[in-house]
Every structure is written in C-alpha cells, then in structure tokens.
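Read the structure below first, then the notes.
The values are calculated or read from the model by the stated rules, or taken from the named source; none is laboratory data. Everything quoted here is computed from the prediction, not taken from an experiment. We place every Cβ from the backbone using ideal geometry, glycine too, and count neighbours over all the protein chains shown.
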Amino acid sequence: MRCPDGCGDILTVNLDRRAGPAWRLYQREGGLTLFPSVWRDTGCGAHFIVWDNVIHWTNDAWTLRRNSSLERAVEGRLTDELASFVDIAAAVDEVPWSVLDACRSLVNSGIAVEGTGAERSSFRLASASVPTSRARKRHW
C-alpha cells in the first residue's frame, strides 16, 4: 500500500504469520480493517489505523461509534479483572478496534473502567456495576 501521509513510500504489510510478526486482516460489512496499527519507525514516521476502509491517524481522537449489541457482548465478557481489548475481541470474534471503541463507550457510561499505565487498553467492570448474581450477567 502507498503511505497515506503523502510521502509516496510503498509500505509492505505482512499478512502471513509464517513469515514472522504479521498484521491481521479483517473483512466485514464495513470494509477492510488491519490490526494492529501501522507505525513506520523510519521515513516519515506515520502512525495510523486502517478500520473499515478508513485511515485514522493515531494522534486524532475518533468519535465513538455506538454499537449497543457489541457493547452488550463486551460487557458480558468483562469481570472484576482487567482484560485486554485484544483478548476480548478474540472472545467475541470481533475486530479489535471495534471492541476498543465499545470498551471506551462502556467507560463513558460508567459500566467499565480502563486500566492505567502499562494496563492502558485493558478493561474491567466498574465496581458499582459488578452484579451480585453472576448468573444474571451471563444472560446477555
């Protein structure tokens, strides 16, 4: 792919795990998504996310996309222990960027808490939202 910052460089994005570290390509209704982000450590130094056919620059805050069914699925996976959004995405078979978005939406709603420091991008239920009956939680 051509670098989206306009420098003109051609970027090679490895999708073959047999050849070493590789990006994951997701093809969904919304379009193509790459995970993780593309971060050039040479040349122009561009750092961006490809999510549903759109380039998102990592230094730009994106508007949360509310997806209530995904939020419910993610909430159903949260516990009292911090879990990485990548692990949650694998558990619900979803695009990691969409799960990160759902987790942050749950944080904004007071349902979840995001870790800090090295645990940033990991989430758990907010203590006030931990149900007394785990069985009720699993009905999502």
> Among the residues of the stretch 52-88, which ones are hydrophobic (A, V, I, L, M, F, W, C), more than 24 Å from residue 116 (Cβ to Cβ) and at pLDDT below 95?
Replying inline: 54, 55
> Which residues, taken from the stretch 96-129, are surrounded by fewer than 16 Cβ atoms within 10 Å (Cβ to Cβ) and more than 20 Å from residue 68 (Cβ to Cβ)?
Replying inline: 115, 116, 117, 118, 119, 120, 121, 127, 128
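On the given criteria, is residue 84 surrounded by 14 or more Cβ atoms within 10 Å (Cβ to Cβ), over 21 Å from residue 28 (Cβ atoms) and not assigned by TED's automatic domain parsing to the domain that holds residue 13?
It is false that residue 84 is surrounded by 14 or more Cβ atoms within 10 Å (Cβ to Cβ), over 21 Å from residue 28 (Cβ atoms) and not assigned by TED's automatic domain parsing to the domain that holds residue 13.
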> Within the bounds of the stretch 51-66, is there any residue that is touching a Leu at 6+ places or on another chain (Cβ under 9 Å) and of a type outside the set (Phe, Trp, Tyr)?
Replying inline: yes
